[in-house]
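Here is the structure we will look at, set down as structure tokens.
The values are calculated or read from the model by the stated rules, or taken from the named source; none is laboratory data. All values derive from a computational prediction rather than experimental measurement. Here the Cβ positions follow ideal geometry from the backbone for every residue, glycine too, while neighbour counts run over all protein chains shown.
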Amino acid sequence: MQSEDLVGKARKIYKDIPIDPSSLETYVKLMQLQEDLQKAFEGKYSNVDVESINSTLREGKPAFLAVNLDLDEEELGEAMLKITELLKSELPDLTGSLEKLEEAWKSRKLSLVDLGNSLLAGNVDYAHRKAEELGVDHEVLEAVSAWVMQVLFQALASQLSGKLDFTTWSLGRCPVCGGSTRLEFIEPDGSARLKCQFCGTEWGFPTDKCPYCGNERGEAVTSIPVERDGRFVLNVCHVCGRYWKVVDERVAGQEIPRRLYDLWTFKLDLIASGEKLPPAGQSE
């Protein structure tokens, strides 16, 4: 689908999501911007060594470890500025913090390459120290940098997904970025697939197998239909205690882009956490 359709498609499901509609609109606009930005990065990964990456997958390692991500300060910075521009227009209360990040990058007091590498290495302390140095909330810095890196990984996933052999991948972690996911969907033919919530990669996975601990004993997984028509199901693993969400396209259809499934099923996250459901948003 074309990126300009994403907000329009999302507005059809706002009524199903217990989040304020204005907040939903902001988040979907960010998703749409990321989708537009990723096109500028896709060329970086158009000529990958497929054989080498498939070998890495067979070893149980995610594809990005066999790819030169080629982090570029100017490219990442331009993406960040477009993201912060959108956020300033949508969330004026954050303008001060976002302007500090913009100025820090322009004056080279903030390196998005260094920040990106620290995130890839799982070093959250670096972001915390940098946020303190710049005088901004570390959550703001982490969110903005994660959204920038997400664009990069979405571009990578877009280029790799049609070229790689995911049939050898039996893990619940994403075969491209290595991230965990709590989102599954059932295709019209009944086959189950997981969808990475970070980079968007989709791969086949056995129905009722826990994507976290690999438990395949059906009696150790409880499936809870959340909607009367059965389009959404909450699966809970009694071995590891974690949950994942399922969208059944045989009931839900395929009109709503899969990119929106995680947002569409936010109610299931609230149910799993034991929180009281607030009133669902109303579409404009």
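Can you pull out every residue in segment 164-203 that is touching a residue at least 60 places away in the same chain (Cβ under 8 Å), among the hydrophobic types (A, V, I, L, M, F, W, C) and assigned to a loop (DSSP other than H, G, I, E, B)?
Correct list: 164, 169, 171, 174, 176, 177.
Restricting to segment 161-203, name every residue that is within 26 Å of residue 47 (Cα to Cα), more than 12 Å from the chain's Cα centre (by Cα) and basic (Lys, Arg).
Answer for segment 161-203, where residues must be within 26 Å of residue 47 (Cα to Cα), more than 12 Å from the chain's Cα centre (by Cα) and basic (Lys, Arg): 163, 173.
Go through (1) in a strand (DSSP E or B); (2) more than 25 Å from residue 177 (Cβ to Cβ); (3) charged (D, E, K, R) and name the single condition residue 245 misses.
Checking residue 245 against (1) in a strand (DSSP E or B); (2) more than 25 Å from residue 177 (Cβ to Cβ); (3) charged (D, E, K, R), the one that fails is (2).
Quick one: would you say residue 110 is crowded, with 18+ Cβ neighbours inside 10 Å, part of a loop (DSSP other than H, G, I, E, B) and over 22 Å from the mean Cα position of the chain (by Cα)?
So residue 110 passes the test.
Show the residue pairs that are 6+ apart or on different chains and have beta-carbon atoms under 8 Å apart, the first residue being within segment 119-135 and assigned to a helix (DSSP H, G or I), the second being of a type in the set (Ser, Thr, Tyr).
What qualifies is 119/145; 124/118; 126/118; 127/118; 127/145.
Just for segment 136-162: of the residues that are small (Gly, Ala, Ser) and not in a helix (DSSP H, G or I), which one is nearest to residue 76 (Cα to Cα)?
Per the criteria, the residue is 161.
Scan segment 143-161 and give yes if some residue there is over 30 Å from residue 53 (Cβ atoms), touching a Lys or Arg at 6+ places or on another chain (Cβ under 9 Å) and either free of Cβ contacts under 8 Å to residues at least 60 places away in the same chain or not charged (D, E, K, R) (or both), otherwise no.
The initial filter retains those residues of segment 143-161 that are over 30 Å from residue 53 (Cβ atoms), namely none.
So far as segment 143-161 goes, no, none of its residues is over 30 Å from residue 53 (Cβ atoms), touching a Lys or Arg at 6+ places or on another chain (Cβ under 9 Å) and either free of Cβ contacts under 8 Å to residues at least 60 places away in the same chain or not charged (D, E, K, R) (or both).
If the requirement is being in a loop (DSSP other than H, G, I, E, B), without any contact (Cβ under 8 Å) to a residue 60 or more places away in the chain, under 13 Å from residue 184 (Cα atoms) and under 19 Å from the mean Cα position of the chain (by Cα), which of these qualifies: 206, 211? First the steps, then the outcome.
Details: 206 fails: under 19 Å from the mean Cα position of the chain (by Cα).
Testing whether each residue is in a loop (DSSP other than H, G, I, E, B), without any contact (Cβ under 8 Å) to a residue 60 or more places away in the chain, under 13 Å from residue 184 (Cα atoms) and under 19 Å from the mean Cα position of the chain (by Cα) leaves just 211.
Within segment 209-231, count every residue that is surrounded by 18 or more Cβ atoms within 10 Å (Cβ to Cβ) and charged (D, E, K, R).
2
Need at least 3 residues that are surrounded by 13 or more Cβ atoms within 10 Å (Cβ to Cβ) and touching an Asp or Glu at 6+ places or on another chain (Cβ under 8 Å) per element, so show me which helices (runs of 4 or more DSSP H) inside segment 1-63 make the cut, counting only ones lying wholly within it.
6-11, 21-42
Which residues, taken from segment 239-253, are closer than 21 Å to residue 228 by Cα and either within 19 Å of the chain's Cα centre (by Cα) or surrounded by 18 or more Cβ atoms within 10 Å (Cβ to Cβ) (or both)?
Answer for segment 239-253, where residues must be closer than 21 Å to residue 228 by Cα and either within 19 Å of the chain's Cα centre (by Cα) or surrounded by 18 or more Cβ atoms within 10 Å (Cβ to Cβ) (or both): 243, 244, 245, 246, 247, 248, 249, 252.
Hey, residue 124 hits all of (1) among the β-branched types (Val, Ile, Thr); (2) buried (at least 18 other Cβ atoms within 10 Å of the Cβ); (3) assigned by TED's automatic domain parsing to the domain that holds residue 29 but one; which does it fall short on?
Result: residue 124 fails condition (2) only.
Looking only at segment 64-104, which residues are in a helix (DSSP H, G or I) and of a type in the set (Val, Ile, Thr)?
83, 84, 95
Suppose the filter is more than 20 Å from the chain's Cα centre (by Cα) and either in contact (Cβ under 8 Å) with a residue 40 or more places away in the chain or outside the structural domain of residue 74 (by TED's automatic domain parsing) (or both); does residue 60 pass it?
So residue 60 fits the description; yes.
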